[in-house]
Structures are given as structure tokens and as C-alpha cells.
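Peer 1: To start, I am sharing the structure in question, which I have written as C-alpha cells.
The values are calculated or read from the model by the stated rules, or taken from the named source; none is laboratory data. Computed from a predicted structure; not experimentally measured. Neighbour counts are summed over all protein chains in view; Cβ atoms, including those assigned to glycine, are modelled from backbone coordinates with ideal geometry.
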Amino acid sequence: MKNPAVDAYIEKSADFARPILKRLRALMHKTCPKVEETMKWGVPHFEYKGVIAGMAAFKQHAAFGFWKQRLMKDPSGSFTKGESGMGGRKIRSVHELPSDTLLLAYIREAVALNEQGAKVPRPTRRKPPVKAPPYLTAALKKNAKARKTFENFSPSQQREYAEWLTDAKQEATRERRLATAIDWLSQGKTRNWKYQNC
């Protein structure tokens, strides 16, 4: 189903971008007659059982990209190679688009992923490994029980102790916290053990 907002967007686009956007739009509808056009973040998107793709026009280029590109095969490298930017692959001329046959195959694959309910895995942000301050490392070397507990803790539990110690502003505070930390660790306690059974 065509959306008048997409018509208006295409008409306002630069002369070089209009044929690119019109061709992509036509191929989307040819491949998936049930596709719906929406405007997201101010640019046209195509949806069928979820977002399939989006396109945009900028001053110097147009862009097109598949929502689940990371799950797609892309054997020709049409969308993984070359210049890309906000919105997908940068396209400066209708001649830079892959052939209709290839684009239709990509669109079919993207539609199939939505029909299967495929999800793009979210990237996991991994924190860097815990760097225990040298004074904690030295104290742990002297107490086997505390060292074993600390080593068996998850990175977040180790980080809680390390940050508690490094946040101390004065030397005396740090020394008190270090003594407490070694005592708690030798008893197998996490940094926030007092609050765990509340």
C-alpha cells in the first residue's frame, strides 16, 4: 500500500535521488504486494511483518538498507561492501544500484526473514576485564581464602570491590576498606552482602 507521505518525500528529493527512490519503491511492491510504506525518523520505510528496509535522500547521495542486513547472505557484497552511511548503502546514481534481479532476490530474502520471525541479535557490550588495584592484588596474595573468593566472583562482583577501594579519597579510608574487603572476601561475601537478603 502506497503512502502519500512517501510520494511527497520522493518529490521533494534532489533530481538525482528521485529515480533511485522510485525504482527501489517499485521493486519493493513488486516483490511483496502486501508491503506497507511508513515514515520513520523522517524517511520512508517498508514494512511487512516488521520493518524490511528503509531508504533516504541526502544532498549528495541516496541511501538504502535492509533492516536485518546482518542476517542476510549478500553473496555479491552489494550491501556489505562499498560506501555506507546513515540509512544504508550510499547510492549517487540509479546506475549504482544492483540489477533488478539481484535486488528482487535481496527483498525476497528480507521478507522471508520477517515471515520466519528472525531477530537480529543485539550486540553485547562487554566491560573490560577488572583491573584490581595493586594494593588489593598484594593483599589477596597474602590471604588464600580471600583470593579464591575474589577469583571465583563474576566480573561485576570483582568490579564492585575494586571500585569501592579506588573510590576512597584518603589513604586511611582506603586502608580501612581494604581490611574490610579482605575480611569479607575470606568469608565468601560479596561487596553488597548486607543487602542481598532484604
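Peer 1: Do we have any residue at all in the stretch 36-45 that's under 21 Å from His95 (Cβ atoms) and not in a strand (DSSP E or B)?
Peer 2: No, the stretch 36-45 contains no residue that is under 21 Å from His95 (Cβ atoms) and not in a strand (DSSP E or B).
Peer 1: I need the full set of residues from the stretch 7-18 which are among the aliphatic types (A, V, I, L, M) and either surrounded by fewer than 19 Cβ atoms within 10 Å (Cβ to Cβ) or out of contact with any Phe, Trp or Tyr (no Cβ under 9 Å at 6 or more places or on another chain) (or both), in order please.
Peer 2: Ala8, Ile10, Ala14
Peer 1: Being over 34 Å from the mean Cα position of the chain (by Cα) and not hydroxyl-bearing (Ser, Thr, Tyr) narrows it down to one residue among Glu160, Glu171; which is it?
Peer 2: The match here is Glu171.
Peer 1: So for the stretch 19-27 (the condition being of a type in the set (D, E, K, R), modelled with pLDDT of 90 or more and buried (at least 19 other Cβ atoms within 10 Å of the Cβ)), does at least one residue qualify?
Peer 2: Scanning the stretch 19-27 turns up at least one residue that is of a type in the set (D, E, K, R), modelled with pLDDT of 90 or more and buried (at least 19 other Cβ atoms within 10 Å of the Cβ).
Peer 1: Pick out the one residue from Gly87, Gly82, Gly117 that is over 21 Å from Phe16 (Cα atoms) and modelled with pLDDT under 90.
Peer 2: Gly117 is the lone residue from the list that is over 21 Å from Phe16 (Cα atoms) and modelled with pLDDT under 90.
Peer 1: For the stretch 116-179, which helices (runs of 4 or more DSSP H) that fit wholly inside it have 3 or more residues that are exposed (fewer than 12 other Cβ atoms within 10 Å of the Cβ)?
Peer 2: So the answer is 134-141, 144-152.
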